[in-house]
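Q: Take this structure first; my questions come after.
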Amino acid sequence: MRKSLDEIFERVESISKKLSVKAIEDAISDIKDKFSSNVFYLVVLGQFKRGKSTFTNYILGNDMLPTGVVPLTSVITKVQYSIDVWVKVLYEDGMIDNIDIKELDLYCTEKNNPQNIKKVKEIHIGYPFEFISKDVVIIDTPGIGSVYKHNTDVAYGYINKADAVIFLLSVDPPISELEKEFLSQISENVNKIFFVLNKIDYVSEIELEEIIRFNENIIKEITKNDNITIYPISARLALEGKIFKNDEAIEKSRAKKLEDDLQNFLIVNVNRNLSHMLMKF
């Protein structure tokens, strides 16, 4: 099967180069890389300022990706397991820079790389995270719907590459029209979506229950699926709990249920990744 697919990849790649169709070349290159390494893409998606980078930091157990009060992430950031910590900046022209992790914000934030003037294609990070399988690549995407249209375009471009999605909502405000449109596209292309409601520490328990019911009804309507689970968490408290080994903060974050379900899902499905990827191709 692998040999046959390698031959298919080579033929399609050859044709795309002759036709000079860069989009096809890039797509085939991504598929080949994913196929050869047999990795599982867990993509974090959602509207800007829902806390995607804080959530990804919580999964990694380290305050590594830049966070703040304005739209930050401007390029795709991929984190894969590595014993050593390293960061590579991949540019649109094919060049690659090795940088220190402390310089990350110079390339992946709107403040230091406005509208991606540095022409960064992706940022790849190696990090010894313990949360999930070493075959999983965690992908933090730019938020949709910010004042920067290119951020939305980049996020939309990763829908078809996802093996599973963390769709991040928050309590302030509940699901928006833009998120509903985004979710409609995701649900058609992704087999598994984890719906996470972030920032629960901003509201009372009564308000939280009302927000969950509201979002749940809308998600069921959009996805045509009545079997929906929403995971209410505080990524901020969960991250603080992991960094400072604070069990009380972790308990208040209510993230344990999500962790358990996500880990169980990945244990079962990472090994099915090759078949899933072939079906997509």
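The values are calculated or read from the model by the stated rules, or taken from the named source; none is laboratory data. Because the structure is predicted, anything quoted here is derived from the model rather than measured. Virtual Cβ from ideal backbone geometry, glycine too; neighbours counted across all protein chains shown. Only protein heavy atoms, including side chains, enter the accessible area calculation; ligands, DNA and RNA are left aside. Shrake-Rupley method; radii C 1.70, N 1.55, O 1.52, S 1.80 Å.
Q: Tell me the residue from 26, 100, 33 that is surrounded by fewer than 17 Cβ atoms within 10 Å (Cβ to Cβ) and at pLDDT 90 or above, please.
A: Residue meeting the stated conditions: 100.
Q: Separate question: For residue 126, which of the numbered conditions (1) modelled with pLDDT of 90 or more; (2) within 18 Å of residue 168 (Cα to Cα); (3) touching a Phe, Trp or Tyr at 6+ places or on another chain (Cβ under 7 Å) fails to hold?
A: (2)
Q: Among the numbered conditions (1) open to solvent by less than 50 Å² (accessible area, probe 1.4 Å); (2) modelled with pLDDT under 90; (3) of a type in the set (Lys, Arg), tell me where residue 78 comes up short.
A: Condition (2) is where residue 78 drops out.
Q: Exactly one condition in (1) in contact with a Lys or Arg (Cβ under 8 Å, 6 or more places away or on another chain); (2) open to solvent by 50 Å² or more (accessible area, probe 1.4 Å); (3) modelled with pLDDT of 90 or more is false for residue 168; which is it?
A: That leaves (2) as the condition not met.
Q: Another one. Would you check if residue 93 is assigned to a strand (DSSP E or B), surrounded by fewer than 18 Cβ atoms within 10 Å (Cβ to Cβ) and modelled with pLDDT of 90 or more?
A: The answer is no for residue 93.
Q: Mind listing whichever residues of segment 152-165 are under 11 Å from the mean Cα position of the chain (by Cα) and open to solvent by less than 40 Å² (accessible area, probe 1.4 Å)?
A: 155, 158, 159, 162, 163, 164, 165
Q: Another question about this same structure. Taking only segment 222-235 into account, find how many residues are in a helix (DSSP H, G or I) and buried (at least 21 other Cβ atoms within 10 Å of the Cβ).
A: Matching residues across segment 222-235 total 1.
Q: Starting from residues that are of a type outside the set (Gly, Ala, Ser), open to solvent by less than 60 Å² (accessible area, probe 1.4 Å) and in a helix (DSSP H, G or I), keep the ones in segment 171-206 and report whichever is nearest to residue 136 (Cα to Cα).
A: To start, the set of residues in segment 171-206 that are of a type outside the set (Gly, Ala, Ser) comprises 171-175, 177-183, 185-186, 188-203, 205-206.
Restricting the remaining residues to those that are open to solvent by less than 60 Å² (accessible area, probe 1.4 Å) gives 171, 174-175, 178-180, 182-183, 186, 190, 193-201, 203.
Those still in the list that are in a helix (DSSP H, G or I) too: 178-180, 182-183, 186, 200-201.
Working: 178: 28, 179: 25, 180: 27, 182: 24, 183: 23, 186: 20, 200: 27, 201: 29 Å.
My answer is 186.
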